[in-house]
Amino acid sequence: MKLSDINNLDAKNYGSWPMPVKFVSALLLFIVVLVAGYFMKIKPANDELDVLRAKEQELVGVFTEKQGKVVNLEEYKKQLEEMRELLRQMIRQLPSKTEMPDLLIDISQTALSAGIDNELFEPGPEVAKEFYAEKPITLRMKGTYHQFGAFVSGVASLPRVVILTMHDVSLTPSDKAPGSAARPGSPPLASGTLVLEGTVKTYRYLDDEELSSMNAASSPAGTQPVAPPAASATPGS
């Protein structure tokens, strides 16, 4: 075939084309159809398949995790009950509402017994939490390092568990603390005296009546209050 023969092909009469031209044209048309089919049908289907495979792996992972939880469900329930019992025991070790005033006196007396000078020991209003109440105490104490150590040891040996958390508390040498001048009639401050001032917080558990009142106040009308952990206890337990 000559190039002039190709230029003279009749586009409206394919049947008159020479056989080599027909073969090449059919091959090109076949390739175009394959490429178009790949990008229009096969590639989107492959992309969707990859997404579905990734989703399958994710669902298999979720299923495996949930299956493991179901298999160990009884063990989890047992551990949860043990944690609840431990929480009840810890709550019972905190002071009750009726014990709190005497406990504050015991803390103050423990400081005096250790030789600490209580310049300020002022309990503040209680703040009720989920199942306990915190009692802030503003204080200013003067004593030596060993006296403060004896005070902490004495508080730890009280019949009830006393938790003291420090909030904005400073411990400084007496000669550097503001307002460190000795009070009229008090002995002069010894060398090595420290001044502890700020706010500490101690805690007590809420009795059943207080918890019921809190639940009634916080629960919408018509809903059943959620029962808190049992916290009733006898004094000295």
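The values are calculated or read from the model by the stated rules, or taken from the named source; none is laboratory data. Since this is a predicted model, take the numbers as computed values, not measurements. In this analysis, Cβ positions are derived from the backbone assuming ideal geometry, glycine residues included, and neighbour counts consider all displayed protein chains.
Structure summary
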{"item": "Subset of region 111-127 (residues that are out of contact with any helix residue (DSSP H, G or I) (no Cβ under 6 Å at 6 or more places or on another chain) and closer than 30 Å to His146 by Cα)", "result": "Leu112, Ser113, Asp117, Glu119, Leu120, Glu122, Gly124"}
{"item": "Selection within region 175-215 - farther than 23 Å from Arg160 by Cβ, at pLDDT below 80 and assigned to a helix (DSSP H, G or I)", "result": "Asn215"}
{"item": "Residues within region 108-124 that are outside any strand (DSSP E or B) and buried (at least 16 other Cβ atoms within 10 Å of the Cβ), tallied", "result": "5"}
{"item": "Number of the condition not met by Leu94 [criteria: (1) assigned to a helix (DSSP H, G or I); (2) touching a residue at least 40 places away in the same chain (Cβ under 8 Å); (3) over 17 Å from Arg140 (Cα atoms)]", "result": "(1)"}
{"item": "Residue in region 125-155 that is surrounded by the fewest Cβ atoms within 10 Å (Cβ to Cβ), counting only those that are small (Gly, Ala, Ser) and farther than 13 Å from Ala114 by Cα", "result": "Ala128"}
{"item": "Given (1) assigned to a helix (DSSP H, G or I); (2) over 30 Å from Ala150 (Cα atoms), index of the condition Glu130 fails", "result": "(1)"}
